[in-house]
Amino acid sequence: MIATRIRSVVVSIVAVIALAVPAVGSAVAAPVAAPSRFSTAQLVGPYPSDIPPGGTYIPVLDGFSYLRAHRPDIIAQNLRIVQRTNNSATAAQQADAIAINYDDRLESLSVALGAKLGATFRKLIAGGQLPKVAALVKGDTARVGVPLGTTLLEKEYFDNPRPFVVAPSSIRRYDRPGGHLYAELRNNGSYPSGHTSMGYWKGALLAYWLPELGPQIIARAGEIGRSRMVLGVHYPLDVMGGRIMATDIVAARLTDPGFASLIRQAGTQLRGALERAVGMPLSRFIATDRPYLSTNAAVTEHRGMMTFGFGRIAPGQRNAIPASAAALLRTRFPGLSDAQRLAILTRTAIGSGYPLDQAGADGGWLRIDLAAAYAATP
C-alpha cells in the first residue's frame, strides 16, 4: 500500500515537471535540423529506479548516525576540517565557490571538458541544441534526480546544523553582493550535501557520455563538493555523503533498462552535436584542446577529496563494491564484462572503514573512486 502511494506520487511529480519542460531550441536558428526531444511519456515513465530499494537514500547514508552516537572525535574533526578549509581559502577558491553556489552544476562541471570543448558544450546547451541531455541533467528538476534524488528527505531525517550555524565566529562568509546563500541555508540540514550529490551524479553521467575526460570531470565534481566547505555551509562528511548518494543514484539509473535507454540516447545526441560543432572526432579534438587538468593531476586531486584527511576508523571492516556500480564504466570499457568492470572499481577503490563506510549491503559506495577507475587500464 505504501509503495503504491509513493509510486503514485512519483508519477504525479514527474508528470508535472515533464509538462513544464519548455520546447527547448524551438526559437533557435541552427545549421542542422533541431534534435529530437524525449516525449512526455518517456520522461514520466515511471521507472523502477525512481524509488530506491529502501524508499529513500537514508540506508546508504546512515553511517552518519553511528558517528554522531559513538564517535564525538570524528564529529569534532569534521568541524575542524571545514574551519581550516574555509579560513584558508584563496580568493580564487572563494570566487569559484560563489559561482558554483549560484550556477547549475552542469555549467560548473563543463570547465572540466577543456578550454574549447567546454565553451562549445555551454554554447550548445544554452542554445537548446541538446534537449535530451538537458531533460536528464540540466537544472534542479533534471529527470535523473527526480523525484527522490534531491537530498530533501535525507536532510530532514538527519537534521544536522550547518557549520556557520554551529561555529559562527570561526566561519568566514563569502557571498556575492546582495547574495542570500547563508540566509537561505540557516534552517536547512547539512547532511548530505545536495550540491555535492548533484555535482557527482551529473558528473558521473557527463563522464559516462565523454569517457575520454572521465578523470577530469570526476575531479571537478569533487571540487564542487569542496566548494561547499570553502563557503562554510557543509562539512567534509556532508560532501562524502553526497558522493555516496550520487553514485548510488547513477548506478541505479544505468541498471534500469528503460532509463538506461534514455541515457544512451542523450549520450548519442551529445557526442554527435559536439563533433558537428568542432568538425572532427572528439578524441582528436580533445587531444588538441587545453585540458582542465592532466589525467594524473585529476586522479591525485580527487583521491584527496574522497576522505579529506580522515583516517580509517574500522580498518578491519569488510564490504564489497556494489555490483550495480559496474554499469558506471560501460562506456569506458565497452569490451569488458560487468564482472571485469567491477574488478576495476575494486582495484582502484580506497580501503574500507573510513567514516561513513558501512559493512553489509548498504556499504562500499564510499570506496568507489571513479576518477581512478576511468584512468585505469584493463
query = Quick one: accessible area per residue over segment 277-343, 1.4 Å probe, rounded to a whole number of Å²?
reply = 53
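Equivalent ellipsoid semi-axes for segment 195-274, as square roots of 5 times the alpha carbon gyration tensor eigenvalues: give them largest first, rounded to whole Å.
Values: eigenvalues 128, 43, 13 Å².
In descending order, the three semi-axes are 25, 15, 8 Å.
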query = Where does segment 129-242 land on Rg(C-alpha)/(2.2 N^0.38 Å)?
reply = 1.13
request  = Might you work out the accessible area of residue 140 for me, using a 1.4 Å probe with all protein chains in place, and round it to the nearest 10 Å²?
outcome  = 110
message = Could you give each residue of segment 38-44 its phi-based ³J(HN,Hα) in whole Hz, using Karplus coefficients 6.51, -1.76, 1.60 with θ = phi - 60°, and x for Gly or Pro?
response = 5, 6, 4, 4, 5, 6, 6
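Enter the mean projected area of the convex hull around the alpha-carbon atoms of segment 260-300, in nm², rounded to one decimal. Provide the component values of the computation, followed by the final result.
Values: hull surface 15.7 nm².
Across all orientations, segment 260-300 yields a mean hull projection of 3.9 nm².
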request  = Enter the angle in degrees (range 0 to 90, nearest 10) between the Cα long axis of helix 91-102 and the first principal axis of the Cα atoms of the chain, meaning the one along which they spread out most.
outcome  = 70
key: Cα convex hull of segment 209-349, projected area averaged across orientations, nm²   = 10.3
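Would you mind counting up the charge near residue 216? Only other residues with Cβ under 15 Å from its Cβ, with Lys and Arg at +1 and Asp and Glu at -1. Walk me through the intermediate numbers first.
Details: positive: 116, 202, 220, 290, 303, 332; negative: 212, 223, 289, 301, 369.
Combined, the nearby Lys, Arg, Asp and Glu give +1.
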ask   = Angle between the Cα long axis of helix 115-126 and the longest principal axis of the chain, 0 to 90 degrees, nearest 10?
value = 70
ask   = Using the alpha-carbon atoms, what tilt in degrees (0 to 90, nearest 10) does helix 295-307 show relative to the longest principal axis of the chain?
value = 40
query = Cα to Cα, under 16 Å, and not fewer than 8 places away if on the same chain: which lysines meet these conditions relative to residue 138?
reply = 123, 202
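For the chain, what does the helix formula give at 222 nm: sum of -39500 (n - 2.57) over DSSP H segments with n ≥ 4, over the residue count, nearest 500 deg cm²/dmol? Intermediate results must be reported in sequence, preceding the final value.
Numbers: 20 runs with 216 residues, N = 378.
Result for the chain: -17000 deg cm²/dmol, rounded to the nearest 500.
Please compute the per residue accessible area over segment 33-116 with all protein chains in place, 1.4 Å probe, rounded to a whole number of Å². Present the calculation step by step, with values, prior to reporting the outcome.
Values: 3760 Å² over 84 residues.
Accessible surface, normalised per residue, equals 45 Å².
So, with a 1.4 angstrom probe, what is the percent of accessible area on the chain that is carbon and sulfur? Provide the component values of the computation, followed by the final result.
On the way: 8780 of 15530 Å².
Taking all protein chains in place, the chain shows 57 percent carbon and sulfur surface.
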task = With a 1.4 Å probe and every protein chain left in place, tell me how much accessible area residue 170 has, in Å² to the nearest 10.
result = 40
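Rolling a 1.4 angstrom probe over the protein heavy atoms, how many square angstrom per residue are accessible across segment 155-243?
Numbers: 2620 Å² over 89 residues.
Per-residue accessible area for segment 155-243 comes out at 29 Å².
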ask   = Which whole-number percentage describes the relative contact order of the chain, with Cα contacts under 8 Å and a sequence gap of 6 or more?
value = 21
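The values are calculated or read from the model by the stated rules, or taken from the named source; none is laboratory data. Small disclaimer: the values here were computed from a predicted structure and weren't measured. Cβ sites come from the backbone with ideal geometry, for glycine too, and all protein chains shown count toward neighbours. Each accessible area value is taken on the protein alone, full model and side chains, heavy atoms only, with ligands, DNA and RNA left out. Shrake-Rupley method; radii C 1.70, N 1.55, O 1.52, S 1.80 Å.
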